[in-house]
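Heads up, the thing below is written out as structure tokens.
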Amino acid sequence: MKKRFSFPVLCAVLVAAALVFVVSVRSCSTQHSAAEPDSPPAASPHAAAAPGDTQAQQGWPRTLQTPKGPLTLQQPPERIVSTSVTITGTLLAIHAPLVGSGATSRNSIVSDDRGFFKQWSAEAKKVGLQPLYISEPNAEAIAAAAPDLIVISATGGDSALKLYDQLSAIAPTLVIDYGDKSWQQLAVQLGQITGHEKDAREVTDRFEQRVQAVKQAIALPPQPVSALVYYEDGRGVNLWSQASAQGKLLTELGFTLAMPPAEVHGGTSMGKRNDIIQLSGENMAAGLTGKSMLLFAADDATVGRVRTNPFLEHLAAVKDGQVYAMGPDTFRLDYYSASNMLDSIEQHFKPR
């Protein structure tokens with residue numbers, strides 16, 4: 001026997017069905033728009049925010065190409081962990097929601113009592129950043145921080161690439177190769193994936209103004225220059241290449257980088273990197289062809305050791321007294337250490 005509905009009940013059923021249909025159509029339309037190939041790029045760092053919206057609400061999901069392939073985030077991260085102390089400073093500079101970071105040895109010439117670099121130590125305390133481990137990456141400590149994004153470097157002494165599979169099981173894991181980027185390029189890339197494009201633009205614009213001011217204020221030393229990190233044992237150096245953050249900044253300031261002759265080969269003990277050329281033994285002096293030397297991760301004491309090194313004393317830069325320290329914190333450049341580097345350059349080369 002067929003059940004009959006009264007007219008009011010039948011109307012209610014039809015209205016409910018219509019509502020379900022409308023919601024379904026809207027949902028499908030939204031998904032289709034996100035997949036349209038001619039839609040505006042979700043990860044564009046210059047996407048304009050609609051009135052009343054914040055930068056973190058625009059253009060999600062978004063995708064970033066990485067050395068491990070494309071990484072897609074569905075929404076802005078709120079708890080970021082950095083396994084690279086090199087990258088941590090740039091994340092702090094763009095005000096990304098950083099909750100934990102790997103650290104280096106405590107209480108050194110460049111680090112504080114938590115193993116954080118001194119140039120951004122105060123900023124780390126201000127935002128409550130927690131050191132998760134010292135030097136050796138620890139997947140359990142990273143997991144305990146409950147991150148929704150993990151950032152690791154592809155190369156360098158602070159790389160946790162060997163833990164990639166473990167870390168990517170904890171949270172989306174972003175692999176960054178900073179060896180061929182300035183810190184500004186790194187800031188733009190990190191701003192794009194974290195939703196902090198505006199912060200990245202502001203800090204890089206502010207720094208660029210400072211660069212131009214210093215460029216106008218200084219008189220360059222004899223060119224070209226060898227920009228390097230001097231080994232403590234005096235038996236080798238890391239020479240910054242034009243691909244390095246240090247090299248890019250020096251070039252922008254008007255310096256010309258001196259590169260080794262073609263027959264001089266560098267080492268690879270730090271892995272395959274584009275930003276440095278390792279010189280040791282007889283290659284050390286042969287590869288330092290600059291008329292001036294800029295020493296990174298160095299103070300005045302390092303300048304003294306270079307000047308008295310018997311393997312280097314015949315070089316023009318040493319004989320002419322054109323050896324300068326760029327500061328202890330300049331081995332890894334972020335907004336904070338790069339700003340300190342500009343101060344050192346202005347101090348050394350501003351006409352008296």
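Rg of the Cα atoms in region 160-298, relative to 2.2 N^0.38 Å, amounts to 1.24. Around the amide H of Leu174, modelled in the peptide plane, lie the amide H atoms of Ile150, Val151, Ile152, all under 5 Å away and 5 or more residues distant in sequence or on another chain. Semi-axes of the equivalent ellipsoid of region 51-183 are 23, 18, 14 Å, computed as sqrt(5λ) over the eigenvalues of the C-alpha gyration tensor in descending order.
Using the Cβ-Cβ distance between Glu263 and Lys215 with R0 set to 22 Å, the FRET efficiency works out to roughly 0.05. Three principal axis extents describe the C-alpha atoms of region 217-306; from largest down they are 38, 28, 20 Å. Under the simplified labelling scheme, the Asp320-Val127 pair shows an inter-label distance of 4.3 nm, with each label point 7 Å from Cα along Cα→Cβ. When the Cα positions of Pro137, Thr204, Ile176 are compared along the charge dipole of region 105-217, Thr204 comes out farthest toward the positive end, with charges on each C-beta of Lys, Arg, Asp and Glu. 3J(HN,Hα) along region 118-123: 4, 5, 10, 4, 5, 5 Hz, from the Karplus curve 6.51 cos²θ - 1.76 cosθ + 1.60 with θ = phi - 60°, whole Hz, x for Gly and Pro.
Can you pull the percent of region 251-352's accessible area that's carbon plus sulfur, 1.4 Å probe, other chains left in place? If you can, show how the numbers build up before the last one.
Numbers: 2430 of 4850 Å².
Roughly 50 percent, rounded to a whole number.
For region 82-147, a Kirkwood radius taken over Cα pairs fed into Stokes-Einstein (20 °C, viscosity 1.002 mPa s) yields D = 184 µm²/s. The simple Förster model, with R0 at 25 Å and r as the Cβ-Cβ distance, assigns Asp165 and Arg79 a FRET efficiency of 0.75.
Using R0 = 25 Å, the C-beta based FRET efficiency linking Trp60 and Glu202 works out to 0.75. Annotation: amide H-H contacts under 5 Å for Gly102 (H modelled 1.01 Å from N, sequence separation of 5 or more, or interchain): Ser82, Thr83, Ser84, Leu132.
Computed from the Cα positions only, the extents of region 241-352 along the three principal axes stand at 36, 32, 24 Å, in decreasing order. Proximity of backbone amide H atoms, modeled 1.01 Å from N, is registered between Thr66 and Leu71 at under 5 Å, excluding neighbours fewer than 5 places apart on the same chain.
The values are calculated or read from the model by the stated rules, or taken from the named source; none is laboratory data. In this text the structure is predicted, and so the values were computed from the model without any measurement. Virtual Cβ from ideal backbone geometry, glycine too; neighbours counted across all protein chains shown. When the accessible area is computed, the model is the full protein with side chains, heavy atoms only, and any ligands, DNA or RNA have been set aside. Shrake-Rupley method; radii C 1.70, N 1.55, O 1.52, S 1.80 Å.
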